[in-house]
Each structure stands twice: as structure tokens, then as C-alpha cells.
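Working notes, structure below.
No value in this document is a laboratory result; all are computed from the given coordinates. For clarity, every value in this text was computed on a predicted model and none was experimentally measured. Glycine also receives a Cβ, built like all others from the backbone with ideal geometry; neighbour counts cover every protein chain displayed.
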Amino acid sequence: MDYGIGKRIRSFREDKGLSQLKLVEALEERGIKMSRETLSKIENNSRSISAVELKAIADVLGVDIDEFFHEEEPDSMVTFFRKDNYSQDVLEDIKELQEMVKVFIQNKRMYLEKKR
């Protein structure tokens, strides 16, 4: 089991503004029966997740299933600021800034690789 999957599920769920209960309800509409407690265990890596469950969660969250298997990234700035109850407008601005920084870093890496 990839121990980052649970953390990524939580991060995507929080980015979408969904509670665990809302995600579980959306899964049930897709024929996946899961309690909120079970989802909590998955997010805390106390329970493994089946491929069927993971696919359904990816569909509900609107992300490609491959997103759960990318290399671990540092905590999202949005997640960090959400803990301090910033407004949704501020969180959107922070998310946009974070994306610009990621692009800048990626461009810098490509530039440095070309120089080699």
C-alpha cells in the first residue's frame, strides 16, 4: 500500500470543500458503501483501499486516478492557510499563487537541465 494515498485523498477532498460525510454520500450514489469512519481510516492509512473504491473516489473528486500515485509533495499552502480559517477568496488567491510558483520551479529545472 502506498502510504501517501490516504493523505492525497484527504487533500483532494479538502480542496473540493467536501466533508468526509459528503464524500461518503457521493460514493453511495455510485454504489460504493463506505462509512465515514472507514473513509477516516483510509485517509489516516489505517485501512487499505481497493481499486474499485479508489476509482470511485477519483471520479467523485474529479481527479485522474494517477494523481494518487504522484511523488509526495509538501503540504499545500491552501491546506496550511485553511487551518487558520481564511476566507474562500483568500484561499483561491493562495492556490493561484502556489500554482504560479510550481510553474516557475518547473521552468527553472528545465532551464538548468538544458544548461548541462
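Details
- In segment 1-39, the residues that are of a type in the set (Lys, Arg), in contact (Cβ under 8 Å) with a residue 12 or more places away in the chain and either farther than 29 Å from Glu92 by Cβ or in a helix (DSSP H, G or I) (or both): Lys7, Arg8, Arg10, Arg13, Arg36
- Residues located in segment 54-63, provided they are more than 12 Å from Arg8 (Cα to Cα) and part of a loop (DSSP other than H, G, I, E, B): Gly62
- Looking only at residues of segment 40-53 that are part of a helix (DSSP H, G or I) and of a type in the set (A, V, I, L, M), we find that the one that is surrounded by the fewest Cβ atoms within 10 Å (Cβ to Cβ) is Ala51.
- So Ala56, is it surrounded by 17 or more Cβ atoms within 10 Å (Cβ to Cβ) and not basic (Lys, Arg): yes
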